[in-house]
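Student: This structure is in structure tokens; I'll ask about it shortly.
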Amino acid sequence: MIKSMTGYGKLSIQLAHKKINMEIKSLNSKGFDLNLRMPSIYREQELPFRKKIAAVLERGKIDFGLFVEQTGAAAAAAVNPEVVGAYMDQLREIVPAAESELMALALKLPDTLSTLREEADPEEMTAIEALLVQVLETMDQSRREEGALLATEFEQRIGNISTLLEQVKAMDTERMAAIKPRLEKALAEITAPIDQNRLEQELIYYIEKYDITEEKVRLAGHLDYFTQTLSLQESQGKKLGFIAQEIGREINTLGSKANHAPMQQLVVQMKDELEKIKEQLLNAL
């Protein structure tokens, strides 16, 4: 089953005094590129989070965010009364003003607020880890759904190339029939003495040059292999890319050997279908 590298997942949980929001999104990339954003109190969990995300998503340009909303009585900072009082005493000596004005000025000065260092308790971390598992499952399902659309398109494009290949096969007899008179005419126009051995060698060369039997067989095999790989349980985006390269080589060889305008038109259509496959393979995991 093919998966897309594009996906999105977002979930939230409500704890005693805070709401945890977790969001993850992914785009295509050649490797695993993770941008992780989370509050400092959870930083010690960054490496385990990275390992879990990599194990599930494998590849892609991934943005992960963990955001906290304080919803209870817990405060993130507290006033330092000693510092504020010292500032107010100094301000009174400089300028006469109401106490409320002095307080407002003092609170704007450094160190009047102290940040309370929070520690994530084990129960909170257990809840966040469970949320991560759920978000990754949501993300994975999103990738599967996108992948199903990709698979449908790949099957259609491969089917189109197969149909064009059948038309090439049907046209091949006509093509060779058109080539033979041209060779015979060229031989008839030769007036100089002919070395029969050399002539046979040249004829064999031209016959091999125009013969596309091997290319037709190999191309059909690659198309079948692509379809088989597409149906595997594990996503095989890179492998499908390699098979697409082999398909392209056979199509190019068909075009170079065709020497027949109608067949070359079919080859151009094959190339067009293959390019559309390659474009979408960039999104396949």
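We did not get these values from a lab; they are worked out from the coordinates using the rules stated. If you're wondering where the values come from, they're calculated on a predicted model, not measured in any experiment. FYI the Cβ positions are ideal-geometry reconstructions off the backbone, even for glycines, and counts take in every protein chain you see.
Student: Beyond 15 Å, what share of the Cα-Cα pairs of the stretch 1-80 remains, rounded to the nearest whole percent? Please list the in-between numbers first.
Tutor: Details: 2006 of 3160 pairs.
Above the 15 Å cut-off, the stretch 1-80 has 63 percent of its Cα pairs.
Student: Give me the Kirkwood hydrodynamic radius of the stretch 1-159 in Å, from all C-alpha pairs, to one decimal place? Write down the numbers at each step before the final one.
Tutor: Working: mean 1/r = 0.0518 Å⁻¹.
In the stretch 1-159 this quantity evaluates to 19.3 Å.
Student: Local charge sum around Met263 (other residues, Cβ-Cβ under 12 Å, Lys/Arg +1, Asp/Glu -1)?
Tutor: Details: positive: Lys169, Arg175, Lys216, Lys257; negative: Asp172, Glu174, Glu215.
Result for the neighbourhood of Met263: +1.
Student: Among Gln134, Ala16, Val83, whose Cα sits farthest toward the positive end of the charge dipole of the chain (+1 at Cβ of Lys/Arg, -1 at Cβ of Asp/Glu, about the Cα centre)?
Tutor: Gln134
Student: Still on this structure, I have one more. Based on other C-beta atoms within 10 Å, arrange Ile243, Ile13 from fewest to most.
Tutor: On the way: Ile243 21, Ile13 15.
The fewest-first ordering by Cβ neighbours comes to Ile13, Ile243.
Student: Turning to a different aspect of this structure: Based on the mean of other beta carbon atoms within 10 Å per residue, what is the order of 226-232, 90-96, most packed first?
Tutor: Working: 226-232: 15.3, 90-96: 10.7.
In descending order of packing, they fall as 226-232, 90-96.
Student: About the Cα centre, and with charges only on the beta carbon of Lys, Arg (+1) and Asp, Glu (-1), how big is the dipole of the stretch 9-56? Nearest 20 debye, please.
Tutor: Working: 10 positive and 4 negative charges, 15 e Å.
The dipole magnitude comes to about 80 debye.
Student: Go through 3-9, 262-268 and give me the packing order, highest mean Cβ count within 10 Å leading. All intermediate terms of the calculation are to be shown ahead of the outcome.
Tutor: Numbers: 3-9: 22.0, 262-268: 16.6.
Those peptides, ordered most packed to least, come out 3-9, 262-268.
Student: Shifting gears a bit: Above 26 angstrom, tally the Cα pairs of the chain and express them as a % of all pairs, no decimals.
Tutor: 66
Student: So, counting K/R as plus one and D/E as minus one, what does the shell of residues with Cβ under 14 Å around Ala284 add up to?
Tutor: On the way: positive: Lys3, Lys30, Arg59, Arg143, Arg144, Arg157, Lys238, Lys239, Lys276, Lys278; negative: Glu58, Glu145, Glu146, Glu153, Glu155, Glu234, Glu279.
Around Ala284, the surrounding residues sum to +3.
Student: Pull out the extension gain between Glu279 and Leu11, defined as 0.36 nm times the separation in residues minus the alpha carbon to alpha carbon distance; nm, one decimal.
Tutor: Details: separation 268, 0.36 × 268 = 96.48 nm, distance 3.15 nm.
Stretched fully, the Glu279-Leu11 segment lengthens by 93.3 nm.
Student: Applying a 10 Å radius around every beta-carbon, put 23-29, 102-108 in order of their mean neighbour count, most first.
Tutor: Working: 23-29: 18.4, 102-108: 14.7.
Taking the mean over residues of other Cβ atoms within 10 Å, the ranking is 23-29, 102-108.
Student: Tell me, what ³J(HN,Hα) does each residue in the stretch 10-18 have, in order and in whole Hz, if you take phi through Karplus 6.51 cos²θ - 1.76 cosθ + 1.60 with θ = phi - 60° and put x for Gly and Pro?
Tutor: Taking θ as phi minus 60°, the curve returns 8, 9, 9, 9, 9, 9, 4, 10, 8 Hz for the stretch 10-18.
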